[in-house]
Amino acid sequence: MPKKKSFNVAVIGAGGIGHDHIRSFQQHPAASVVALAEISPERGREAAEAYDIPTLETDYKKLLARDDIDVVSIALPNFLHAQVAIDALRAGKNVMVDKPIATNARDATRLIATAKKARRLLMVGQNQRFTPEVQTAKQLVTNGTLGEVYHAKTGWTRRVGIPRIGSWFTQTKFAGGGCTYDIGVHALDRCLFLMSEFDVAAVSGQTYTKFGNRSLGDGGWGKGEIDPKRPFDVDDLSIALIKLKSGRTILLEASWAEHAEDDGFNGTRLFGTEAGLQLPPLKLFRSTPKGNVIEQLVPNINLVNPNRMVHFIDCLLGKAKPYVLPAESLAVQKILDAIYKSAATGREVRIR
Ligand SMILES: NC(=O)c1ccc[n+]([C@@H]2O[C@H](COP(=O)([O-])OP(=O)(O)OC[C@H]3O[C@@H](n4cnc5c(N)ncnc54)[C@H](O)[C@@H]3O)[C@@H](O)[C@H]2O)c1
């Protein structure tokens, strides 16, 4: 069968990030966003008009039934990711799904098996891996500048940044979890990627719910839909100690809200035998007998296109190799599951 040279894309979900999915695919000359599915007629109409998308449906399955659609991009609440992606793969589509891959490792495993069977491309949109800082850092780690990287701290902390209290983001049955799922997942994925190891031995975690349950800390991603009938039953701060099979360690911290001077940190620090690294901004540190050396670096390496959707299409064209692998996203999902299990049981969780 001749290789395709252009791809029709359907985006499912036109909320906060759905617009970014559409715009990002539209950057690739070989991609056309031809259809949109959105259950809110108003949000759907607005996006279809804004981006000139010819077809709008409320039922995504109508788009899956179309033979002319090659790619489905999923920008839906977390609890829908795995099932909609499985439906799309079974319909023969290539699937880009936003993070997290699923809301538990069992569903993630099922999804990955479906992609393998369907022989279609499945990628999780871990956009923070694609930044020039992370790509440059990856190269520094790979070429040995840091020596042996034995420990890392990674996190994303916000002072006031709960995305829409009362929405699906703040209910376990729709989101899977709170800040750990929403922003911890980025910090974790970025760190494991930089350390080039997704083999996890054990996780010890703790989660807290201290702000959202008091209707405090709303902000950062749209306006809250505070409604006392909808429980806030997710974490707004979490920490974890992750031990990799190699014996190396990661400290993870995520928070949507905390009493702090500022928003804290969305970054990663790596500790190596020859140098330490921090991003963003990208800096190298060395403690030498003559004193501390700090080197500010200009991130200039593009291992892949920093636009994840352009990269996805490049993969379909055979011009790039997938930068985020399903097995890596499954490893991240297992850690998320383990953090909650450890918090609930008070014990370290071993991962097989
Ligand atoms: N990569 C990132 O930086 C990033 C940023 C924000 C959100 N996200 C992820 O993107 C996903 C969506 O987040 P969001 O902020 O856009 O949420 P959102 O609530 O703003 O948008 C979700 C949209 O999906 C629609 N929807 C729900 N069920 C549907 C269905 N069955 N069929 C069609 N449409 C349906 C909703 O009406 C809504 O418009 C989440 O998984 C989130 O974790 C990623």
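In table form, for the structure just shown:
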item: Identity of the residue in the stretch 67-87, more than 12 Å from the ligand (Cβ to nearest atom) and outside any loop (DSSP other than H, G, I, E, B), that ends up nearest to ALA113 (Cα to Cα); result: ILE86
item: Of the criteria (1) touching a Lys or Arg at 6+ places or on another chain (Cβ under 6 Å); (2) outside any loop (DSSP other than H, G, I, E, B); (3) crowded, with 16+ Cβ neighbours inside 10 Å; (4) not aromatic (Phe, Trp, Tyr), which one GLY166 fails; result: (2)
item: Subset tally (residues that are in a loop (DSSP other than H, G, I, E, B) and not basic (Lys, Arg)) for the stretch 312-333; result: 7
item: Only listed residue being out of contact with any Lys or Arg (no Cβ under 6 Å at 6 or more places or on another chain) and over 25 Å from GLY176 (Cα atoms), chosen from ALA47, ALA37; result: ALA47
item: Members of the stretch 88-98 found to be within 11 Å of the ligand (Cβ to nearest atom) and among the charged types (D, E, K, R), listed by number; result: ASP98
item: Set LYS173, LYS138, LYS117, LYS153: member being away from the ligand (no atom under 15 Å from the Cβ), outside any loop (DSSP other than H, G, I, E, B), over 25 Å from ALA320 (Cα atoms) and among the basic types (Lys, Arg); result: LYS153
item: Among (1) at pLDDT 95 or above; (2) within 15 Å of the ligand (Cβ to nearest atom) - the single one GLY16 does not satisfy; result: (1)
item: Failed item in (1) within 14 Å of the ligand (Cβ to nearest atom); (2) closer than 24 Å to LYS116 by Cα; (3) in contact with a Pro (Cβ under 9 Å, 6 or more places away or on another chain), with SER6 passing the rest; result: (1)
item: Which numbered condition THR58 misses (of (1) in contact (Cβ under 8 Å) with a residue 24 or more places away in the chain; (2) within 14 Å of the ligand (Cβ to nearest atom)); result: (1)
item: Filter result (more than 20 Å from the chain's Cα centre (by Cα) and either within 27 Å of PRO281 (Cα to Cα) or surrounded by fewer than 18 Cβ atoms within 10 Å (Cβ to Cβ) (or both)) within the stretch 302-319; result: LEU317, GLY318, LYS319
item: Matching option when the condition is farther than 20 Å from GLN171 by Cα and either within 14 Å of the ligand (Cβ to nearest atom) or in contact with a strand residue (DSSP E or B) (Cβ under 8 Å, 6 or more places away or on another chain) (or both), among ILE53, ILE101; result: ILE53
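Matching residues to (1) surrounded by fewer than 19 Cβ atoms within 10 Å (Cβ to Cβ); (2) in contact (Cβ under 8 Å) with a residue 40 or more places away in the chain; (3) not in a helix (DSSP H, G or I):
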| residue | (1), (2), (3) |
| --- | --- |
| PHE285 | yes, no, yes |
| ASN300 | yes, yes, yes |
| ILE335 | no, yes, no |
| ALA344 | yes, no, no |
| ARG352 | yes, no, yes |
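The values are calculated or read from the model by the stated rules, or taken from the named source; none is laboratory data. Computed from a predicted model, the values in this text were never measured in an experiment. Using ideal geometry, Cβ is built from the backbone for each residue, glycine included, and neighbour counts are taken over all protein chains shown.
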